[in-house]
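Step one of this worksheet: look at the structure below.
The values are calculated or read from the model by the stated rules, or taken from the named source; none is laboratory data. Note that this is a predicted model, so its numbers are computed, not measured. Neighbour counts are summed over all protein chains in view; Cβ atoms, including those assigned to glycine, are modelled from backbone coordinates with ideal geometry.
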Amino acid sequence: MAIDRRVIEAAKQVASETGVGPDVLLAVSLVETRAVPFADVEGRAEPLIRFEGHYFDRRLSSPEQARARAEGLASPRAGRIKNPVGQAARWALFERACRIDAEAACGSVSWGLCQVMGSHGKALGYASAEALSEAARRSIDGQLDIAARFLSLGRLADRLADGDYAGFARRYNGPGYRRNAYDTKIATALKRARAALETTDPIGPLAIGARGRVVLRLQDALRSAGSAIRVDGLFGSRTAAALAAWQAAAGLPATGVADERTSTMLRL
């Protein structure tokens, strides 16, 4: 299966801002989530998650801990709280945990394309685990920025780029990485990522009639810039008008079409 082009383009963008190679970002995302950026959760596009009940257990105060254990959301033993197979069910589990303690719940989840734990939030420069989760939920770029920050620690990205697959796997996946063949998987994924980067063309212009998550990203960016358009993933006349207004304000030709320059400036 081909790598989602939006993920490839986001990896290039984040790499240009952070110095972590796009091949590294793509390789890790391929192993961790098959480079799938979002799942459909009750009609919402949400990042892929994994909830860790033993993390949740240790992050709670005594009364909350007792409640979480009684509700089957926390345990002192790793693996005791099973993750459902489907993402919608995992999100339901996470949302139940949020009703007990949202910050603790966000810190107990592996977030997004590269499955970085929310508990690393402050160490990675976010105000909190919730702030990290918000970045993951906001965009593909946000998910990969989290990954880039984490991969910058302890020269993780350099280890992978230099071919130290075992050293990278030990630090990223844990001491049991051989049981998972993580070193072999990441080596294969790195080759695949580099091949994809060599052959992928940029995303083409977006205009009236386009639809999908890339349009959602465009609309979200326009709303962040002050437009009152609806974020529905459908590029219609109102989106075109809002885009033209933004282009004019940014000193670009007001075409209402998201060409490469517009897409770059909006960080699509």
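Residues being farther than 20 Å from D141 by Cβ, assigned to a helix (DSSP H, G or I) and touching a residue at least 24 places away in the same chain (Cβ under 8 Å) are represented in segment 220-237 by at least one member. Looking only at segment 1-38, count how many residues are closer than 21 Å to L218 by Cα, over 11 Å from the mean Cα position of the chain (by Cα) and not aliphatic (A, V, I, L, M). Total satisfying the criteria: 8. As a summary of the residue check, A189 satisfies the conditions (1) under 24 Å from F38 (Cα atoms); (2) part of a loop (DSSP other than H, G, I, E, B) except for the one numbered (2).
Of all residues in segment 72-107, exactly one satisfies the criterion of being part of a loop (DSSP other than H, G, I, E, B) and touching a strand residue (DSSP E or B) at 6+ places or on another chain (Cβ under 6 Å), namely N83. Would segment 145-164 turn up any residue that is within 18 Å of the chain's Cα centre (by Cα), under 17 Å from I49 (Cβ atoms) and small (G, A, S)? Yes, the conditions are met somewhere in segment 145-164. Restricting L252, L216 to residues that are among the hydrophobic types (A, V, I, L, M, F, W, C), in contact (Cβ under 8 Å) with a residue 60 or more places away in the chain and on the phi < 0 side of the Ramachandran plot narrows the list to L216.
When A15, A45 are checked against the criterion of being assigned to a helix (DSSP H, G or I), at pLDDT below 95 and either under 14 Å from V116 (Cα atoms) or not charged (D, E, K, R) (or both), A15 stands alone in meeting it.
What do you reckon, is R59 under 20 Å from S128 (Cβ atoms) and either outside the structural domain of G43 (by TED's automatic domain parsing) or at pLDDT 95 or above (or both)? The answer is yes for R59. Which condition number in (1) touching a His at 6+ places or on another chain (Cβ under 6 Å); (2) at pLDDT 95 or above is the one that A78 fails? Only one criterion in (1) touching a His at 6+ places or on another chain (Cβ under 6 Å); (2) at pLDDT 95 or above is unmet by A78, namely (2). For R69, are the conditions met, namely being over 24 Å from K122 (Cβ atoms), in a helix (DSSP H, G or I), more than 22 Å from the chain's Cα centre (by Cα) and basic (K, R)? Yes, satisfied. Hey, among the residues in segment 229-257 that are in contact with a helix residue (DSSP H, G or I) (Cβ under 6 Å, 6 or more places away or on another chain) and among the small types (G, A, S), which one's surrounded by the fewest Cβ atoms within 10 Å (Cβ to Cβ)? Per the stated criteria, the residue is A254.
Could you list all residues from segment 160-180 that are of a type in the set (G, A, S) and exposed (fewer than 13 other Cβ atoms within 10 Å of the Cβ)? The answer is G163, G174, G176.
Of the helices (runs of 4 or more DSSP H) contained entirely in segment 116-179, those carrying at least 1 residues that are without any contact (Cβ under 8 Å) to a residue 60 or more places away in the chain and of a type in the set (D, E, K, R) fall at 129-138, 156-161, 165-173. Counting residues in segment 77-86 that are farther than 26 Å from L25 by Cβ and surrounded by 15 or more Cβ atoms within 10 Å (Cβ to Cβ) gives one or more.
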